[in-house]
Structure formats: structure tokens, C-alpha cells
Amino acid sequence: MCGIVGYLGKRNAKEVLFEGLRRLEYRGYDSAGLCVVSPSGELSVVRVVGNLDAMEKTLESFDTHGTVGIGHTRWATHGAPSKENAHPHTDCKGEIAIVHNGIIENFVQLKAELEERGHVFSSETDTEVLAHLIEENYSEDLGEALRKSLERVEGSFAVATVHKDSPGTIAAARRDSPLVLGFGDGEWFLASSVPAFLPSTRKVVFLEHNDVVVIDSTGCSITDLDGAEVRREVVEVDWSLDSAEKGGYKDFMLKEIYEQPQAVAETLRDKFDNKKEVIVEDLRMTREEALELRRIVVVACGTSYHAGLLGKYLFERWAALPVEVEIASEFRYRNLVVTSDDLVVAISQSGETADTLAGIREARRLGACVVAVVNVVGSQMTRESDGIIYTHAGPEIGVAATKTFTTQIVCMILLSLYLGRLRGTVTDAEYHAIVDELEVIPKKMEKVLGSSGEVSKCAEKYYKCDDFLFLGRGVGYPIAMEGALKLKEISYIHAEGYPAGEMKHGPIALLDADVPVVAIATMDSVYDKMINNIEEVKARGAPVLAIASEGDGEIVKICNDVLWVPETNEMLYPLLTVIHLQQLAYQVAKKRGCNVDQPRNLAKTVTVE
Ligand code: AGP
């Protein structure tokens, strides 16, 4: 939800900033801008409507050679995508430039006050109030001006600012929205996330809430909002540069779909000891504590919520615990009955999603232990939870979650097995069968990826349809939900994911020959029930595309198309079936000419409510 960058060093800032923004474009792409500061203090600002391709063209004639600057790629919250609302924003005199990710909640009141004092605004954004506040508070010390201005601000922010009278300085700060500081050789970087400067350095500081950082050619200092120095650990991130680039694939989404076997293997690495006992290091729960647990509550949004829905089946089966799965935006505004007997599992790729984060805070306030299942190392949720399970999927740039979903499923499997072992609720036979099957699951995922040609044929057949229905039962139901979400978010086709048994209570009325039904019908305990549901669909004339287990001779007789997956344990099928649905959504979207990495109206990380 907006990406910001900052650079101070010896290189041409315009180029470094633009490269950084390219790597953050997944965070927003409706407008963009940057400001380069010349050594004499001239601020050169460029702002464009549209994505970074539009900016690239404009930059060809943007003749600056300054080595200090800030940049922004926007996902609009306050004010439509327009040149006026694009960042950086400036004050009345054009002496300050500022970029911002987050929301200044009291901006209406601040704006009114500032206007009364004679400030003239040129945008509809909340951000611009900060430029005017800094203008009022500035007297030689940019860091101090930023600190004083932030005292007045309510809401979330990651900001970076420059001033014409401090040409060799960038001041930046964060609260809730992420901000990372990167250390190069005689150069410093600021960014909303690490991939922005990965080609230049892996040495980073994940700035904390209310940290203010001031960078100049002598180095950087970090303080709190009162100006007291704070120390932050410099850590070395191990993300490879390849993982943040397309590496020969047409789109990040496609690359990330293909990375899934490796990502799953990585998430499974070192999770079993030499006796094949599952290890979930950060949970450090004793047998007694595990036995005292009364309930699991999963909190998440979007695709992560679907991983949570799947988790319900796994926790109930192996850990024998009641489970509630909550959409985070609904969880936070209720009279919650959460207690210290509950384990709250928060799932999030980004570790920043505002609603999930708020859910974590509320659950902890009520005394529950919170474990976060997160992909982004050092993200806010990792700091605000009692335990962390990393998904180890590497950077996911495509807006549609793919490899982070399958690795989230792996974390659900690991956590439920771990609790099941502690509680003695999973049988030895089932436990070892699952552990053995997990060893071969990445190979089976590769096999599924090998049938993209078949998926492409199905996409060709159905890509002009206006509506799709995805059906599943048991663990196939969350996968049906996920398949529908993937299709709608990147191809803009209306799709619904439904529990197959529920279809006859309403959605069956939608069916006719123009509504393809995608049915998850693998060989599992609800297979026969699924076949009945497929028959009901056929009787209404709708074409059926089944995702089925290899060797199923019956299903080909009743379905129009079948995409196969290798046989596996019932509870592990989602790791295979979802790949076909991701590929289907991808192929359909491409055939419809959609931008799969940057679907309209969306942003990868939703840091606003
Ligand atoms: C998935 O394809 C979506 N882009 C979206 O639903 C996403 O899963 C959701 O916004 C949650 O994000 P998080 O995992 O970073 O919390």
C-alpha cells in the first residue's frame, strides 16, 4: 500500500531511486514520483499518473545528477490517482519534499489549522499536511523538524523528507507502516521493504515504531520521537537477488507459481529432528500448556484466510481442538470472547496487514498467546506476536499470493502435527504417513506444474465466460475459495468458491451452459459426495472441469475436462490441487490481456483498514 524509497550516496539518485521503486511497484501503481536534491539544494520533483512505465518515459528528460533523493509509488487512499495527488508533496514554498506510506488520521483537523495560518494546499492527500508542518517547524535541523511535526500526527506513517536548506540530509520515520534502512559502502538506502535495495546491500535495520532516522554523508543516527538516541541491530538478510527478479519468466506471478516446490521444501527444511519429530521452535510449548489449550482462533485476510480455513481441518483432525477462523476485519470490531486458554494464529504474507495486526493486538490484550505465520522477515507482526513461524517462501512480488499460500499450508500442517504430538491426539501411524508424504510432496508439486499445457487448453476453452463456480468439500472447500479469489483478482471474472454440498441451497440457480464449474474431486473421504454434486451440476447443463487424482477412471466419464494431480494423503491434496487453480487463473487472465502482476485497484500489502 504505497512504496517509499530514499537514497543518499555517490551514485545518480534518480537511477537508484527508480530501480528501487521498480522493486516496490507491487505495493501500489496508480501514480509515482521522486525528488532529487542537487548539492546546492535545488529540489527537482517529477510526478506522473500511472505505473512506473509512465515514469520511466518522463525520467528520460529529467536531467538531474544529484546523489540524494526520495521516491514513491502510490496506491490511492486520500484523493484520486492524479498528478496533484502523486507524491512527493511539497510545502507552500517548494522547499520541502516528502513521501509517505500510511494514513494521517487527523489530517482534516490539521489541514484546517494550517489553512487558518495561511498555508495553501495543492493536493487532496492526507500527506501534504506533513510538508506544511515541517515548513513551520524547520530551523536548520531537518530531523528535529520532522520529530516536532510528527508529534501532531495521529495514524500510521513511513515517511522520508528532504529540505532545500539541508541538501545532504534525509530524515525519515515510521509508525505502523514499515521502513527499512540499508547500509551500503558509503551509501544509505531507505525503503518500504528490502527487495528495493537488494542489488546494493543485504545489511539492514528494520526500524521500529516511532523511530526517526537522519542520514547524511557521515552516516545515520536513529532516535525516538523525543530525540533520544536508540540502538537498532544491523541484520544481514539472506534473500537472494534472483528471488526478487523475474528471472526469464514473463511475470512474477508465473515465476512464483513455479517456485512453489522449492518454497515448500524450504519451509519444511529442519522442521523434523532425527527421530522425525516435528519441531516448531518458536512456539516452545510444553505438553502441559498444549493440554491446557481450549481453542485455536485463526485470524487473517484474503488468501491467508483461506490457509486458515484449511488449518481448521488440520487442527481439528490432528490436534483435536475446536477452531474458529476469523476474517481479521470482522474479528477486531466485536465483543471478543478470547481468553488466555486460546492460541491465536495470525497468518499474513506481508506481516503488515492492518486488520490482522489489529486482531493480534486485541487478542494479546485479552491474554491470548499469539503465533504469527509470516513471510516477511522482521515485519511488524513478527515484533508484536509471542511466536513466529516463517513461511520461507522468499519475496513474493506478484499481487496474487501463490507460493506464500502453499507455504502457509505447510505451516498449518506443521503446527497441527506439533500440537497433535504434544497432546497425543494424532496416531503414530497417521503422523508417520504424513511426515513421509511431506518428503515427496515437492516432487509431486513439480509434476503438477508439468501439466501447464493442459491447463492452457482449459483456459482457452473458458476464458470468455463471465462467471465461474468453484466447488469443493472438506479440504477441497478452502481450495475452491482460493481458486475463485485467484480468478477474480487477476482476470476480473466473477467467480464464487462454495462448499459443494451447499450449492443446492442457492448457487445452483446460477448454473447454465455458460457457467463453468471447477470441481475439486480428488480421491478422499468425500469423493463420493463430490461426484453426486458434479452430477447435480451436469443435470443443469453446466460444463465441469474437475481437478482429480491420477488413475480415477470414473471422473473422465462425467466431466468435460480433467486436470490431474498425483495421489497423496487426503490432507495434503491442497498443496497439489491449488497449483492447477493458480495456473488456470493465470492463463485465463493472460488470454484476457490482464496485467497479472498488477491487477486493477489492488495492492500487495494492505496497511489501511
Ligand atoms: C491474495 O492473492 C491477495 N492479494 C490478498 O487477498 C492477500 O492475501 C491479503 O491482502 C492478505 O495479505 P497478507 O497475507 O499480507 O496479510
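The values are calculated or read from the model by the stated rules, or taken from the named source; none is laboratory data. Because the structure is a prediction, the values reported are computed rather than measured. Here the Cβ is made from the backbone with ideal geometry for all residues, glycine too, and neighbour counts use every protein chain on show.
Look at Ala307 and say whether it is at pLDDT 95 or above and more than 11 Å from the ligand (Cβ to nearest atom).
No; evaluated as a whole, the condition is false for this residue.
Looking only at helices (runs of 4 or more DSSP H) that fall completely inside the stretch 335-435, which ones have 3 or more residues that are over 16 Å from the mean Cα position of the chain (by Cα)?
354-365, 403-423
Check the stretch 237-245 and report whether any residue there is under 28 Å from Leu198 (Cα atoms), assigned to a helix (DSSP H, G or I) and touching a Leu at 6+ places or on another chain (Cβ under 6 Å).
yes
Within 16 Å of the ligand (Cβ to nearest atom), surrounded by 21 or more Cβ atoms within 10 Å (Cβ to Cβ) and closer than 25 Å to Val475 by Cα - does that describe any residue in the stretch 273-295?
No.
Looking only at the stretch 152-172, which residues are over 22 Å from the mean Cα position of the chain (by Cα) and either free of Cβ contacts under 8 Å to residues at least 24 places away in the same chain or buried (at least 24 other Cβ atoms within 10 Å of the Cβ) (or both)?
Hits for the stretch 152-172 are Ala160, Thr161, Val162, His163, Ile170, Ala171, Ala172.
Can you give me the number of residues within the stretch 458-488 that are in contact (Cβ under 8 Å) with a residue 40 or more places away in the chain, out of contact with any Lys or Arg (no Cβ under 9 Å at 6 or more places or on another chain) and not in a loop (DSSP other than H, G, I, E, B)?
Counting residues in the stretch 458-488 that are in contact (Cβ under 8 Å) with a residue 40 or more places away in the chain, out of contact with any Lys or Arg (no Cβ under 9 Å at 6 or more places or on another chain) and not in a loop (DSSP other than H, G, I, E, B) gives 17.
Please state which of the following conditions Gly387 fails to meet, knowing it meets all the rest: (1) more than 16 Å from the ligand (Cβ to nearest atom); (2) of a type in the set (Gly, Ala, Ser); (3) closer than 20 Å to Val264 by Cα.
(3)
Inside the stretch 497-584, counting only strands (runs of 3 or more DSSP E) that do not spill past its ends, which hold 3 or more residues that are free of Cβ contacts under 8 Å to residues at least 60 places away in the same chain?
The qualifying strands (runs of 3 or more DSSP E) are 517-521, 544-549.
Kindly state which helices (runs of 4 or more DSSP H) lie completely within the stretch 107-221 and contain at least 2 residues that are outside the structural domain of His72 (by TED's automatic domain parsing).
Those helices (runs of 4 or more DSSP H) do not exist here; none qualify.
Hey, can you tell me all the residues within the stretch 13-44 that are in a strand (DSSP E or B) and surrounded by fewer than 20 Cβ atoms within 10 Å (Cβ to Cβ)?
Listed by number, the list holds a single entry, Ser44.
Which of the residues spanning the stretch 336-354 are under 30 Å from Ala603 (Cα atoms) and either surrounded by fewer than 24 Cβ atoms within 10 Å (Cβ to Cβ) or within 16 Å of the ligand (Cβ to nearest atom) (or both)?
Within the stretch 336-354, Leu336, Val344, Val345, Ala346, Ile347, Ser348, Gln349, Ser350, Gly351, Glu352, Thr353, Ala354 qualify.
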